[in-house]
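Undergrad: Just passing along the structure, written as structure tokens.
Every number in this text was worked out from the coordinates using simple rules, so none of it is lab data. Note that the structure is predicted; figures quoted are calculated from it, not measured. Every residue, glycine as well, gets a Cβ built from its backbone with ideal geometry; the counts of neighbours run over all protein chains shown.
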Amino acid sequence: MNILETVKEGVKNAIENLYSEKIEAGSVILNPTRKEFDGDYTLVVFPYTKIGKKSPPQIAEEIGNYLQTNVSEISGFNVVKGFLNFSFSDEFWKGFLSQNVDNQSFGKGEPTGKKVMVEFASPNTNKPLHLGHIRNILLGWSSSKILKAAGNEVVNVQIINDRGIAICKSMLAWKKFGEGGTPENTGKKGDHFVGKFYVEFESKFKAEYTAWQQSEEGIEHFLSHKKGEQTEEEYFKKYKQSYFNNQSQLGKAAKEMLLKWEAGDEETVALWKKMNGWVYDGFEVTYDSLGVDFDKLYYESNTYLLGKEMIEKGLNDKVFFKKEDGSVWIDLTDAKMDEKIVLRSDGTSVYITQDIGTANLRYQDFGVEKMVYVVADEQDYHFKVLFETLKRLGEPYATDLHHLSYGMVDLPTGKMKSREGTVVDADDLIAEVIEEVRKNSVERGEIEELSPEERNEIYRRIGLAALKFFIIKVGPKKRMIFDPKESVDLQGQTGPYVQNAYVRIQSILRKAATQEIDLAIGDNYVKIEAQEKELLTSLFTYPSLIQLAAKDLDPSSIANFCYNLAKDFHKFYHDHSILKAESEEAMAFRIQLSKMVATVLASAMDLLGIEMPERM
């Protein structure tokens, strides 16, 4: 039984002994005491006012006295209105530190026996990974690491959108304008190379559309179809997709290519495989840069026909219904959603059909009990419909499906647009942040004596920490602005700021290693200072924080923990001498405390996919 469970049991016994009422120990809620108050943990006593039939402060006083008398680890308490703040003894905290200082697995949960799938990244093969993908990837990777740290077995997957009209646009543009170029003979990264042709297609289509608007046919079309006082600009903006489908020569060629692909045309399929291969090679470089990998890749070209058998079974089980045109629907109005089509009248699938089939395939592949989909908030409604549909189909995994919804990422200069080529490529952004780190480091001149290879590795670790931390520290649901310069600020709420605390501790430990210090005498340290207690309390909360972050699927809570722990250590370091402490006992205790802070910082930052440097 850990100390919090002991206290909860003590509260349960206090209620029974003081007020002759029984409660469950599991119902007792304890929270870390807020920094502006004295204490380590806080019990809110308002739930017990009816039982105790006294004022909240009186009940808090009585429970506090009972706990101090009967729970040996509690050394004192204070009451603030209906809040009971209690403190653990110095002996408890010294024991906690000595037991865990060398525990590299501190915070990790016991195996749950539960298998969880996390789907993230899931790019299209017509363009390179960009800033929006980075947020998706970092949230997915961090969530998978947190779920694993909480004791789950985790499977990482992605579904690559490798088919459809957008892919054919890139293919067609390469055929028309590529002049036999390849990533190899142009020196361009594969996904950047192919993405350039997607942008070029859109540019050529835009020129074609503009020319048509100004032609006699276009002017006549506008005059005969406009509504009321509608301007040419208003009309043609709305008509763009219809023009692509009905009049555009480029649109016609792209659609013909898609039909050839679906028919298995040998030449078209060969081109599709070649260009997708270029893109996959490029993606792999980016994933490797970010330190991310997957257990299995799914491809939409293989999954787009899935789900039809499940729709048929659902029809027989009255989960779905057919309309007069033969299309199949599900009625979700009783769940405050609409009727949703799951199969077209011609028997072809829609996106939700594929997603139903893919979820079932993953269950067959891995037997997962929980599925987490990391997808932007634009798809909130889609996933509500998908999850409700799978529940009604009675799928065994349908009770534990989660959409990790996140907001878009903008730059200080504004939004990005793929079709216009204004998207910030992931690789370019990574390089930009690392370059910011390099420039700052050169100005400080602190690692000049290291070899170029060692310096570059430090720049890489700090740059990626800056990028990852800045994005992950924002709650997933919030839209955010990523500022490369702000992300590398050593004084801000940034990854490098946290890394700096770790590096500072490594310097202390290196110096301590040159002295003959008996760290065991730290157990004889007489009185733990307030700032030392703050650090210990933060370390103590780490295991429960991992469990909560896994439950909420919110890596930002881990990032904020890292920042607060680093900030508390920086303040402690400024206010208290460590290697020149007032006594050998104090020095030994503070070295051990610093060491455990470093271990937990490294562990928690690893959950964000961030590596720690030894020097900065």
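Undergrad: State to the nearest 20 debye the size of the charge dipole of the stretch 164-275 about its Cα centre, where the only charges are +1 on K and R beta carbons and -1 on D and E beta carbons.
TA: Value, rounded to 20: 360 debye.
Undergrad: If you stretched the chain out fully between Ile165 and Gln515, how much longer would it get, using 0.36 nm times the residue separation minus the C-alpha to C-alpha distance?
TA: 119.2 nm
Undergrad: I would also like to ask the following. Whole Å is fine, so just give me how far the alpha carbon centre of the stretch 505-542 lies from that of the stretch 111-136.
TA: Here the answer is 39 Å between Cα centres.
Undergrad: Something else about it: Could you grab the relative contact order for the chain? Cα pairs under 8 Å, six or more apart, rounded to a whole percent.
TA: Worked out over the chain, it gives 15 percent.
Undergrad: Here is a further query. How long is the gain from Thr6 to Asp523 if the chain were fully straight, where each residue apart is worth 0.36 nm and the alpha carbon distance is subtracted?
TA: Gain on stretching Thr6 to Asp523: 183.8 nm.
Undergrad: Got a sec? Charge dipole of the chain, +1 on Cβ for Lys and Arg, -1 for Asp and Glu; which of Ile591, Tyr287, Gly132 is way out at the positive end?
TA: Going by the charge dipole, the pick is Gly132.
Undergrad: Rounded, prolate or oblate: which fits the stretch 350-449, taking a ≥ b ≥ c as square roots of the Cα gyration tensor eigenvalues, rounded meaning a/c under 1.5, else prolate when a/b beats b/c?
TA: Cα axes put the stretch 350-449 in the prolate bin.
Undergrad: State whether the stretch 34-80 is rounded, prolate or oblate according to the following rule on the C-alpha gyration tensor (a ≥ b ≥ c being the square roots of its eigenvalues): a/c under 1.5 gives rounded; otherwise a/b larger than b/c gives prolate, and the remaining case gives oblate.
TA: Oblate is the answer for the stretch 34-80, as a/c is 1.5 or above yet b/c matches or exceeds a/b.
Undergrad: Kindly rank 446-455, 164-173, 139-148 from highest to lowest mean number of other beta carbons found within 10 Å of each residue.
TA: Result, highest mean first: 139-148, 164-173, 446-455.
Undergrad: So how tilted is helix 351-366 from the main axis of the chain? Cα-based, degrees 0 to 90, rounded to 10.
TA: Between helix and principal axis, roughly 50 degrees.
Undergrad: Could you calculate the contour length gain from Lys81 to Glu36, that is, 0.36 nm times the residue separation minus the distance between their Cα atoms, to one decimal place in nm?
TA: Length difference between fully extended and current span is 14.7 nm.
Undergrad: Given (1) 1.38; (2) 1.19; (3) 1.00 as candidate values of Cα Rg over 2.2 N^0.38 Å, which corresponds to the one derived from the coordinates?
TA: Answer by label: (2).
Undergrad: Further question on the same structure: For the stretch 308-348, what does the alpha-carbon gyration tensor say about shape, rounded, prolate or oblate, given a ≥ b ≥ c as the root eigenvalues, a/c under 1.5 as rounded, and a/b over b/c as prolate?
TA: Oblate is the answer for the stretch 308-348, as a/c is 1.5 or above yet b/c matches or exceeds a/b.
Undergrad: Report, in whole Å, the centroid distance computed from the Cα atoms of the stretch 585-602 and the stretch 372-386.
TA: 43 Å
Undergrad: What is the Cα centroid distance between the stretch 8-51 and the stretch 188-207, reported in whole angstrom?
TA: Here the answer is 63 Å between Cα centres.
Undergrad: Between Val385, Phe569, Trp278, whose Cα lies farthest towards the positive end of the dipole of the chain when Lys and Arg beta carbons carry +1 and Asp and Glu beta carbons carry -1, centred on the Cα centre?
TA: Val385
Undergrad: From a point 7 Å beyond the Cα of Glu585 in the direction of its Cβ, which residues of the stretch 45-89 have a backbone N at a distance under 17 Å?
TA: Within reach of a label on Glu585, which here means backbone N under 17 Å from a point 7 Å along Cα→Cβ, the stretch 45-89 contributes 89.
Undergrad: Still on this model: For the pair Gln364/Leu297, report the inter-label distance in nm, with labels modelled 7 Å from Cα in the Cβ direction.
TA: It is 2.2 nm.
Undergrad: Could I ask something else about it? Please sort by residue number the GluC sites (Glu not before Pro) in the stretch 100-185 whose DSSP state is loop and whose Cβ has at most 14 other Cβ atoms within 10 Å.
TA: Those satisfying the criteria are Glu179.
Undergrad: Moving on to the next point. Could you give the angle, 0 to 90 degrees to the nearest 10, between helix 131-149's Cα long axis and the longest principal axis of the Cα atoms of the chain?
TA: Helix 131-149 and the main axis of the chain meet at about 40 degrees.
Undergrad: Another question about this same structure. Given R₀ = 30 Å, FRET efficiency for Lys323-Lys384 by Cβ-Cβ distance, to 0.05?
TA: Using R0 = 30 Å, I get an efficiency of 0.85.
Undergrad: So which trypsin sites (Lys or Arg not before Pro) in the stretch 545-592 end up in coil per DSSP with only 10 or fewer other C-beta atoms within 10 Å?
TA: Lys580
Undergrad: While we're here: Is there a quick way to get the dipole size of the stretch 423-558? I mean about its Cα centre, with the Cβ of Lys and Arg at +1 and of Asp and Glu at -1; what is the value in debye to the nearest 20?
TA: Value, rounded to 20: 520 debye.
Undergrad: Among the listed pairs Lys196/Lys252; Lys54/Lys81; Lys108/Lys148; Lys35/Lys81, which have their C-alpha atoms separated by more than 19 angstrom in this model?
TA: Cα-Cα > 19 Å for Lys196/Lys252; rest within.
Undergrad: Specify the angular offset, from 0 to 90 degrees and rounded to the nearest 10, of the alpha carbon long axis of helix 426-444 from the longest principal axis of the alpha carbons in the chain.
TA: 40 degrees
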